Structure formats: C-alpha cells, structure tokens
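Bear in mind these aren't lab numbers, they're just calculated from the coordinates by the rules spelled out. On a predicted model such as this, the values are computed, not experimentally measured, just so you know. Note that we place each Cβ from the backbone using ideal geometry, even for glycine, and neighbour counts take in every protein chain shown.
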Amino acid sequence: MTGADTPRADLFWELAGLITHIPGLAHPRPLRRSAEAFTERFGPLESERPSGIPREDLYATLRECDRYPEGLRFYLDTLGSGRTGTLAWAAVEQMYLRLYPERLLTPGERDELRTLLGARAPGTRLGPLALPFLPFLPFLPFLPPVDGDTDGPEALEGLLDALEDTLVPADEAHPLLSFVEAVAVTQQPLLEAELRAWSDKVAHHIGCPQEALQRVRAREAAHVGRPFAPSRLLVEIVAHPAAPDVYHLRGWLLATREGPSSLLADCRVTSRGALEETVAALHESVLERLGELSAGLRVEFLLPRPLLWLDVDQFPVRPAGSVARPIGADHTVLVRSRDRFHKRYWWPALHRRLAWLRSNPDGGFEAPAVRYVAPDGVPAPYELLTELRDGETPFCFVLLEPPPWDGDLAADPVYVLLEVGIPAIVALRRRGHHAEAGPQLWKVLAGRLDALPDRVRHLRGVGPSGYGSAVTLDLHRHVTLVWDSQDGLEGAEAALGHPRTGGGHHDRGVDRPA
C-alpha cells in the first residue's frame, strides 16, 4: 500500500499501470480516441515523442491532462466509457481518489475549524480527544500519532484528514463532528459556543441529522460531568376531593424543550406511602434508562391546586446500591401548576412576565421582582387581580406561610397568582418562625432570578449544616418552588390531556428498563 505521503508522480505511474493492464486499453486506438476528445475540449496535448512503451506513454499523457482543471477527470471518463462497472476500472477510480481525495469540508469550513482549534485552551491535547473516533487507527501507520504532539500544523492537518475519511457508523453523527463536540465541552463558554455553531453549520451541509448531533452533545457533556441538555422527568399527581388518599399518577421522560414523548407510568395508588414508593420506582427506572445521561436530571411535578404544597421534594428515593435520600437532595425538583397548564387563556400573562425576565437576565432576588408576603399580609383575591393583571413584575412571590386550600377557587389568592402569570412562587411549608424565615430565605435564595431553581436544589442538597442558623428552621425540608419558564409544557396537551377516570385497578404501573 502506498502511503499518504507518496509523491504524486508515483501515483500517476501506478495509475498508468492499472490502465494498461485492462484488456483493450493497451491498444493505441482507444488511447488515441480519448486524446482526440481531450484536444477538442481543452486543447492539444504536448506530450513528448512516444517511446513505444505503453505504460510510459500513458504516464506522460496522464501528467499532461492533469495540467488542466478537471482535465484528468475528463480523460478518464472518456477512456473508461463502457468499462465503469468492472472491478479493474474500480481500481482506477480508487487511484484517482488518491490523487484527488473527496473532501468532506469546504476550504472555508476547514479554515474556520483550524482557527477555532488553534484558539483552544492551553493544555488541550487533541490526540487523546480524537482517539475514540478513529477506530481503525492501529491499521493506519502513516497517520500522525494522535497520542503525541498535535500542536504543529502538519500534525493537525493529518488528524483532520483522518477524521474526515473515517467511516460513519449507522445512525450516528460523523466522527469529525463528534470530535469537535468532544473538544467543545473542554473549552470556555465562548469558544464552546463557536465550536458548536460550526458543528451546526457543517452538520446541515453534510446531511447529518440534528438528532444525531444532539445525542453526541449530550454524551460528550455527560463525559465531563456537564450535562448539555438535562433530561426531565415529569410526574403528574391528582387526587379526587371525595377520596383525598387515592392518587392517580402518570410519569413521562421529556426530551429537551419538548412535550412528553414516552409514558413510563400510569397507575392509581391508595395511600401516601404507596405514592412515595411509586415515585421512587419511577425515579430508579429513569436513572437506569438514561445511564450516564442522567447527570443533571430535573424532576418536575405537575400538581393541581389542592396538592400544590405537597412535599414532593421530600419523597424518599433509593438509587440502586445507595442510601435513601429525599429526591430533592439529588435533583432540581420543581412544581408546575396543572391548572395553569390546562387553562391556555392564562398563558399570555405568564409569557409577558417571562419576557420581562428575558429582557432583564441579571434580574436579582429583590424588589420589584420579588415580593415577600407575611402570613397575615396576603391580599384578598380581587385586590391581587386588580393590582397584578397588567404588570410585568413582580416575577416571584415568597409566601412565608402558604394560604391553606379550602376548596373555594374564588376565595383563593394563590389561584389569582397563577392566573396573572407569576412564574415563581416560593412557599415555606413549615408554619411559624416567620421572623427568622424571611432573612434566612433571603440569604440562601438571593442572586439571579433565572438561577433560582439551582439555588433551591443546592439548599435541599446541603441540608442544615450549610446554612448556620437555618438548622433551627430546616428550610431545606420545607420549601416548595412553583416554577414556570420558557421550557414549559406548551404543545404537550395531546400527550397529557386529563387522567383516566372510572373503576378498576388495572392501571399501568411503572415501566422498568429491560
């Protein structure tokens, strides 16, 4: 096998040898007809006087044709007319590809990638990052060693050549794109975004499905412990007013920025204990299904108004082989209002306040964005409606003692907060200690509003030891975060709908992974 660095003259000599060994092509007549067609298209060939040795004469002709743009391609197409289906001519085409290898990238795309890789952080070694995407490397000894120095221009060019030519596994992204994504997750945010923008552009150009590219991004981000698009487990829980201890539960795994796609659980349970056990089994099945992509899993509970303060973040889970802990200690746990989801005419008010947050990305956990409400300071529903219906702020209400549910929606101020589009409601489920709770909540939740879910997760995860006097309040055990954002459940009505009603206990349980 001739190496990648074989001089072009040797490749032309091999090409001439392959052609002269094809029956019929060593005769002067087909060679003369091809030369005449070439002359008519490009101009006369100026080869030296024939030597009488077919291979040497053909070698000279091929070199002369190569002086013209697309000349060699035209000559071979003319000479090979009628022979393109033979194995002998296939060898000729393979040799032509050695002379003119097909390029995956345009020159501009390759130059841009070279520039981006040149701006990578010091110490980023491209060789080890590329190794998983070059499965046939041990059989390609002419490539530069990818586990060595790839900082030099020649080594980088060889590495990109190898990645461009690597076979693409079925239903996978091109290995070159996978390599770029593996580099991206090791870089600072600006360069990471630029590399991903390059991948998006090239994926479209080479016909790589966006879904395949997203899978690569999720996988490579998981490898470095930085989930690119965390998965979401959605759990809907409802209870009938006449039977408050009978719950209907459904669970879905959500793709990023999409509605529910796969129903994992659909069952009825008849006690609080059974409800917790079902959620724990659903959680374990999702971890098994996602594997390494479970990093950053977010758990969202879709609850109706009567269950809005249900302490779902404290439901115990026990990942296989580990100790039991509240689900909110491991994951960001959010409550979404089932009432708001099903009342689409409430959505414009929600979107108006979310638009304010987008235009104020540095908005802080302070007035006018946030309003603290003491237990005896909750306004009457109509007063709230009149005050808030047309505003962009506040964005968040903090209820130091959430109003109880008495079954009367018309007298419920929380229902008004949902109707007028308040995206975030922080409620302290524990009653009493209000004087201490306000400063403590401010201390642990202050910061950017859009990062509020992460701070609540951190509060639940570190427990009382991380917040001094919060030990006496146990805030980490008693905080509900009702949260709606642009990654909500819009468009999921068909999948969610309303839970089934009626008799019988033949409900679908938790789907466990095979």
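Could you work out [θ]222 nm for the chain from helices alone, using -39500 (n - 2.57) per DSSP H run of at least four and dividing by all its residues? Round to the nearest 500 deg cm²/dmol. Display every interim value, and only then the final one.
On the way: 20 runs with 217 residues, N = 514.
Helix-only estimate at 222 nm: -12500 deg cm²/dmol.
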Could you run the Karplus curve 6.51 cos²θ - 1.76 cosθ + 1.60 with θ = phi - 60° over region 438-454 and give me ³J(HN,Hα) per residue in whole Hz, x for Gly and Pro? x, x, 5, 4, 4, 5, 8, 10, 4, x, 5, 5, 5, 9, 4, x, 5
Stretch gain in nm, segment LEU190-ARG325, where the contour uses 0.36 nm per residue and the Cα spacing is subtracted: 44.9 nm
Beta bridges per DSSP with both ends in the chain, % antiparallel, nearest 5: 55 percent
Packing-based ranking, highest mean first, of 416-429, 186-199, 291-304, 102-115 given that Cβ atoms within 10 Å are counted: 416-429, 291-304, 186-199, 102-115
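If R0 is 51 Å, what FRET efficiency do you get for TRP347 and THR115 from their C-beta distance, rounded to 0.05? Please list the in-between numbers first.
Values: r = 44 Å, r/R0 = 0.86.
FRET efficiency, TRP347 to THR115: 0.70.
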What nm distance separates the two modelled labels at LEU87 and LEU105, each placed 7 Å from Cα along Cα→Cβ? 3.7 nm
Karplus ³J(HN,Hα) for region 345-351 (6.51 cos²θ - 1.76 cosθ + 1.60, θ = phi - 60°; Hz, whole; x = Gly/Pro) runs 6, 7, 4, x, 5, 4, 5
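Using alpha carbons only, what's the Rg to Rh ratio of region 365-487 with Rh from Kirkwood?
Values: Rg = 14.4 Å, Rh = 15.0 Å.
Taking Rh as the inverse mean 1/r over Cα pairs, Rg/Rh reads 0.96.
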If all Cα-Cα distances of region 150-301 are sorted into 10 Å bins from 0 onward, what percent lands in each bin, rounded to whole numbers? 10, 30, 27, 16, 11, 5, 2, 0
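How many percent of the alpha carbon pairs in the chain exceed a separation of 30 Å?
Pairs farther apart than 30 Å: 63 percent.
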With a 10 Å radius around each residue's Cβ, average the other Cβ atoms per peptide and rank 447-457, 390-400, highest first. 390-400, 447-457
For region 384-401, Karplus-derived ³J(HN,Hα) couplings (6.51, -1.76, 1.60; θ = phi - 60°; whole Hz; x for glycine and proline) come out as 4, 4, 5, 6, 9, 4, 10, x, 9, 10, x, 9, 9, 10, 10, 9, 5, 8
